[in-house]
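The values are calculated or read from the model by the stated rules, or taken from the named source; none is laboratory data. Just so you know, these numbers come straight off a predicted model, no measurement behind them. Neighbour counts run over all protein chains shown; Cβ positions are idealised from the backbone, glycine included. Accessible surface is based on the protein model in full, side chains and every heavy atom, while ligands, DNA and RNA are left aside. Shrake-Rupley method; radii C 1.70, N 1.55, O 1.52, S 1.80 Å.
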Amino acid sequence: MRLVRSTWFWLLILTALALAIRLPYWRTMPSDYDEINQMVFSWRIVTGASLPLTGNDAYTGPFFSYVIAALISLGVREPFVGRIIMLACGTLTVPVTALLVLALCKYVGATDGRLAAVVAGVIVVCNLHLVLLNSHIGGATYTLPLFTTAFLWLATSALTTGDVRRWIAAWCCAGLALQANPIAVFLLAGFAGAACLTSNHAPRRLFTWLGLAAFVIALTYSPVIVANLQRTAHSVDVAVARDYLWQPDPTPASYVANSTRLLLQVARQTASAWQATETMTDLTPVTLAFVTFALAGIVFSPRRVAIILMGCVLPYILIVPWFARHYGALDPARFTTFMVPVFAAGMGLLTARITTIPKTTWLRTVPLVVLIVMVAENAVIQLVGFYRATEPTTLNGATINDLSAEMVRLNHGEPVYIGLSDTMLNIRGQPRVPIGFATMSQIGTDFIPIDEVIRRLYEFPGPATMMLANIDAERVNQVAPLARVQTPATARAVDHGYGLFQRDDSKPMVKPDFVRTGSSAAITPSVVLNTRVGTGLELIGYDPPEHPSAGNNLVFTLYWRRSAPMPIAQYMGYVHVVDASTNALVAQKDQRLGADRYPVNAWQTGEVIVETYVFPLPPGSPASNYVVRAGAYTFPDLTRLTVPGNPDNFVALPSLAVAR
């Protein structure tokens with residue numbers, strides 16, 4: 001019995017429940033947002049390539065990134081290492097919320113706040129947004145509820161006891177909350193104002209504490225401040241550049257619209273609802289009941305507690321809609337989930353207060369029964385409903401995670417290509433997740449367009465692994481025979497329109513139709529040149545345009561071959577038409593040699609490459625004999641390949657006679 005009465009017993013029970021609810025799907029639902037970018041950012045810290053003063057978002061602090069880097073250095077090779085941290089943060093938010101309620105009870109002289117603490121803890125245990133966002137997604141901003149709630153607990157306790165150590169710990173949590181996201185400043189400022197209004201301490205002492213608080217908070221946030229002073233980070237510019245966050249040209253009308261969306265978001269969030277139309281239909285009976293309970297919990301709390309709780313949420317609700325417009329169903333709620341423990345504290349306090357009413361047994365039991373039913377509804381129906389709705393979609397990261405792990409397992413040093421196409425970009429987690437898995441295994445990957453994939457396969461023949469959309473794989477297969485990797489993950493990926501493929505090295509690649517080999521390479525151009533270009537190219541000759549005239553397309557057909565190996569580079573061919581009298585460029589066509597798909601380094605001895613250059617001669621060009629130049633250069637340095645006997649390194653073609 002003594003154990004059951006122990007506060008620590010209930011804190012351990014709440015912590016165990018929180019972990020049990022958060023463990024399912026922690027690695028897969030929701031699928032990756034941009035958290036893999038944070039892991040790659042932290043990987044640079046591990047390798048010594050970077051020692052940043054900010055997070056991967058310039059307005060956040062580096063704390064989270066260095067924690068990830070520390071875990072990687074200790075041997076954690078989990079691409080979702082950030083989620084391991086968040087699983088711990090999300091779980092700890094529950095007992096910290098209970099401790100906050102206990103501290104609030106002590107602040108107003110209540111003798112026993114365990115019931116209120118347990119009720120608040122249960123609400124936070126089951127809250128869908130705190131589970132999915134603040135326990136399953138590995139990003140700095142998602143740590144906000146833990147640090148703000150820890151700050152409120154420690155600061156409230158320090159207000160009661162005057163313990164300097166708790167003040168310092170609270171201020172450090174405040175600084176870490178700012179590192180998580182500067183939006184925490186509204187809660188911190190609101191609490192400071194509430195503390196001034198409710199504290200029994202002498203004003204001089206209180207203001208001294210607040211001054212020291214500002215110093216410690218600034219010290220904790222100092223890396224970001226220093227980065228901005230050094231002009232290595234532009235935090236405000238980065239935040240404003242996020243057009244989905246920032247409200248351009250705010251007006252009273254936009255403020256009202258944003259405020260409405262924010263209040264609906266907070267209502268859904270408090271009630272653990274994840275589906276949203278962003279209209280008043282979001283306010284279902286359950287949601288309204290939760291909101292009523294939350295507001296009543298704050299309003300009917302003891303005056304000093306009510307002022308503190310309102311101070312934590314009102315500044316954000318009143319100010320932020322003027323400059324921010326990022327509100328919605330699930331992900332945008334990451335900026336407001338820090339309010340959930342605050343509202344949960346109010347609901348817990350109200351429940352405990354009702355049960356203390358004498359001689360009214362039904363008033364003691366009904367609120368508790370209603371609360372338990374509502375919590376069960378949210379925990380079971382809402383959370384399980386989200387998992388069921390998400391499981392068959394790409395919002396479930398299981399498929400892309402397993403496929404990426406398979407990609408790494410099969411790799412034996414061959415190139416890895418991830419196809420860049422609209423289909424792949426519509427798949428949640430592409431290309432971040434496979435790149436994250438490859439980074440952890442120190443495997444190089446390239447996220448490139450399909451034409452570039454084909455070029456690479458020509459240029460570097462041999463084994464290769466590719467993650468491609470099915471439609472893109474069909475296109476590549478026409479040139480380089482592919483074999484789909486047969487695993488359960490690839491079978492699931494087919495339903496989502498993509499898969500993992502390997503180059504079938506037993507079958508030769510198909511040459512493009514502009515590559516002439518064997519007897520078809522015995523071509524005699526209209527104009528034979530046989531001019532060496534660079535160290536290993538030869539311009540055999542060309543076919544000039546027929547009947548060139550102003551306003552019409554010029555068609556030049558050039559015949560190239562490779563006579564010796566060439567350095568690995570991107571080679572561009574060109575045809576330039578120049579005014580003979582002024583030496584001014586009149587028309588031109590520059591294109592990658594090999595028709596942008598069969599690169600120079602893939603050309604074989606004996607092959608003739610037929611390149612067609614089509615470009616218009618501007619209307620109004622006078623009848624004249626124009627100078628024509630051809631050649632090649634490397635890109636992007638624009639260095640022309642040498643042409644013997646020509647210091648300007650171009651091949652002079654016969655003049656082009658343009659009729660009137």
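If you go through the stretch 275-288 and keep only what is part of a helix (DSSP H, G or I) and under 22 Å from Ile21 (Cα atoms), you end up with Val286, Thr287. The residues listed here are Val185, Val226; of these, the one that is under 28 Å from Ala103 (Cβ atoms) and part of a helix (DSSP H, G or I) is Val185.
Kindly establish whether Ser526 is loosely packed, with under 13 Cβ neighbours inside 10 Å, under 19 Å from Ala630 (Cα atoms) and among the small types (Gly, Ala, Ser). Yes. When you scan the stretch 264-274, do you find a residue that is in a helix (DSSP H, G or I), under 21 Å from Leu152 (Cα atoms), β-branched (Val, Ile, Thr) and open to solvent by 60 Å² or more (accessible area, probe 1.4 Å), even just one? Within the stretch 264-274 (the criterion being in a helix (DSSP H, G or I), under 21 Å from Leu152 (Cα atoms), β-branched (Val, Ile, Thr) and open to solvent by 60 Å² or more (accessible area, probe 1.4 Å)), the answer is no, since none of the residues qualifies.
This table checks each residue for (1) in a helix (DSSP H, G or I); (2) touching an Asp or Glu at 6+ places or on another chain (Cβ under 7 Å); (3) at pLDDT 85 or above; (4) more than 19 Å from Ala489 (Cβ to Cβ).
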{"residue": "Val370", "(1), (2), (3), (4)": "yes, no, no, yes"}
{"residue": "Met374", "(1), (2), (3), (4)": "yes, no, no, yes"}
{"residue": "Ala379", "(1), (2), (3), (4)": "yes, no, no, yes"}
{"residue": "Gln382", "(1), (2), (3), (4)": "yes, no, no, yes"}
{"residue": "Phe386", "(1), (2), (3), (4)": "yes, no, yes, yes"}
{"residue": "Pro392", "(1), (2), (3), (4)": "no, no, no, no"}
{"residue": "Asp402", "(1), (2), (3), (4)": "yes, no, yes, no"}
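The rows are residues; the columns are (1) within 27 Å of Cys126 (Cβ to Cβ); (2) within 20 Å of the chain's Cα centre (by Cα); (3) not β-branched (Val, Ile, Thr).
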site: Ala58; (1), (2), (3): no, yes, yes
site: Gly61; (1), (2), (3): no, yes, yes
site: Val76; (1), (2), (3): no, no, no
site: Leu87; (1), (2), (3): yes, yes, yes
site: Leu92; (1), (2), (3): yes, no, yes
site: Ala98; (1), (2), (3): yes, no, yes
site: Ala103; (1), (2), (3): yes, no, yes
site: Tyr107; (1), (2), (3): yes, no, yes
site: Asp112; (1), (2), (3): yes, no, yes
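For the stretch 321-330, the criterion of being touching a strand residue (DSSP E or B) at 6+ places or on another chain (Cβ under 8 Å) and surrounded by 17 or more Cβ atoms within 10 Å (Cβ to Cβ) is met by at least one residue. Look at the stretch 244-262: where a residue is in contact (Cβ under 8 Å) with a residue 12 or more places away in the chain and within 19 Å of Phe335 (Cα to Cα) and a partner is open to solvent by 60 Å² or more (accessible area, probe 1.4 Å) and aliphatic (A, V, I, L, M), sitting 6+ places away or on another chain with Cβ atoms under 7 Å, you get Trp246/Val240. Of the residues making up the stretch 557-579, those that are of a type in the set (A, V, I, L, M) and surrounded by 14 or more Cβ atoms within 10 Å (Cβ to Cβ) are Leu558, Met566, Ala569, Met572, Val575, Val577, Val578. Taking the listed residues Leu500, Leu554, the one that is open to solvent by less than 60 Å² (accessible area, probe 1.4 Å), touching a residue at least 60 places away in the same chain (Cβ under 8 Å) and farther than 30 Å from Ile448 by Cβ is Leu554, with no other qualifying. Go through (1) hydroxyl-bearing (Ser, Thr, Tyr); (2) surrounded by 15 or more Cβ atoms within 10 Å (Cβ to Cβ); (3) modelled with pLDDT under 90 for Thr277 and report which single condition fails. Result: Thr277 passes all but (2). Does Gly75 qualify as being farther than 24 Å from Thr220 by Cβ and out of contact with any Leu (no Cβ under 8 Å at 6 or more places or on another chain)? When the stated conditions are applied, Gly75 passes them.
For the stretch 434-469, a tally of residues being without any contact (Cβ under 8 Å) to a residue 40 or more places away in the chain and either open to solvent by less than 40 Å² (accessible area, probe 1.4 Å) or farther than 27 Å from Glu607 by Cβ (or both) returns 11. Can you tell me which residue within the stretch 246-263, out of those that are surrounded by fewer than 15 Cβ atoms within 10 Å (Cβ to Cβ) and not in a helix (DSSP H, G or I), is farthest from the chain's Cα centre (by Cα)? Of everything passing the filter in the stretch 246-263, Thr251 is farthest from the chain's Cα centre (by Cα).
Restricting attention to the stretch 123-173, the residues that are in a helix (DSSP H, G or I) and of a type outside the set (A, V, I, L, M, F, W, C) add up to 13.
Counting residues in the stretch 614-631 that are in contact (Cβ under 8 Å) with a residue 60 or more places away in the chain, surrounded by fewer than 16 Cβ atoms within 10 Å (Cβ to Cβ) and in contact with a helix residue (DSSP H, G or I) (Cβ under 7 Å, 6 or more places away or on another chain) gives zero.
Return yes when Arg303 is of a type in the set (D, E, K, R), closer than 30 Å to Leu102 by Cβ and loosely packed, with under 15 Cβ neighbours inside 10 Å and no when it is not.
yes
Just one of (1) closer than 30 Å to Leu468 by Cα; (2) at pLDDT 95 or above fails for Phe556. It is (1). Of all residues in the stretch 632-660, those being of a type in the set (S, T, N, Q) and either closer than 11 Å to Val578 by Cα or buried (at least 19 other Cβ atoms within 10 Å of the Cβ) (or both) number 1.
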